[in-house]
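Chemist: I am attaching a structure below and will ask some questions about it afterwards.
Just so you know, all these numbers are worked out from the coordinates, no wet-lab data involved. Given the structure is predicted, the values throughout are model-derived calculations rather than measurements. Cβ atoms come from the backbone with ideal geometry, glycine included; neighbour counts cover every protein chain shown.
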Amino acid sequence: MSEVKRYSAALTHAETSPMYEAPDGEWVVAMDFDRVTAERDALQQRLTAADQRIDELERGVEAPLDPPQPFTEQFLEDHLGKLPQ
């Protein structure tokens, strides 16, 4: 995620004081905030999609599409040929 610059100002004259860059500042530039918010939202969408895909794949492993069929004499003859007597 991108870095957002934080800013501070003198507390007594916040409206008229010039802003200065400060790592623990109380304010951020609106464009930086919007950009980082959009990045976060996009990453959350990707994470949700990946989680859903994992859930779908896990369900497929737990419940195969066709139940297993027993090996009957007819099945073996059909696939392996006539069985010796």
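Chemist: Taking R0 as 35 Å, what FRET efficiency do you get between K5 and T48 from their Cβ-Cβ distance, rounded to the nearest 0.05?
Modeler: Working: r = 29 Å, r/R0 = 0.84.
Plugging the Cβ-Cβ distance into 1/(1 + (r/R0)^6) gives 0.75.
Chemist: Same structure, new question: For segment 71-80, take each phi angle, set θ = phi - 60°, evaluate the Karplus expression 6.51 cos²θ - 1.76 cosθ + 1.60, and give the result in whole Hz per residue in order, putting x for glycine and proline.
Modeler: 7, 8, 4, 5, 4, 5, 5, 4, 9, 10
Chemist: State the extension gain, in nm to one decimal, for the chain segment bounded by R59 and L80, taking 0.36 nm per residue of separation less the distance between their alpha-carbons.
Modeler: Working: separation 21, 0.36 × 21 = 7.56 nm, distance 3.27 nm.
Value of the extension gain: 4.3 nm.
Chemist: How far apart, in nanometres, would the label points at F71 and A30 be if each is projected 7 angstrom from Cα along the Cα-to-Cβ direction?
Modeler: Placing both labels 7 Å along Cα→Cβ, they lie 7.3 nm apart.
Chemist: Can you tally the net charge around Q45? Count Lys and Arg as +1, Asp and Glu as -1, for every other residue whose Cβ sits under 12 Å from the Cβ of Q45. List each step's numbers first, then the result.
Modeler: Numbers: positive: R40, R46; negative: E39, D41, D51.
Its environment carries a net charge of -1.
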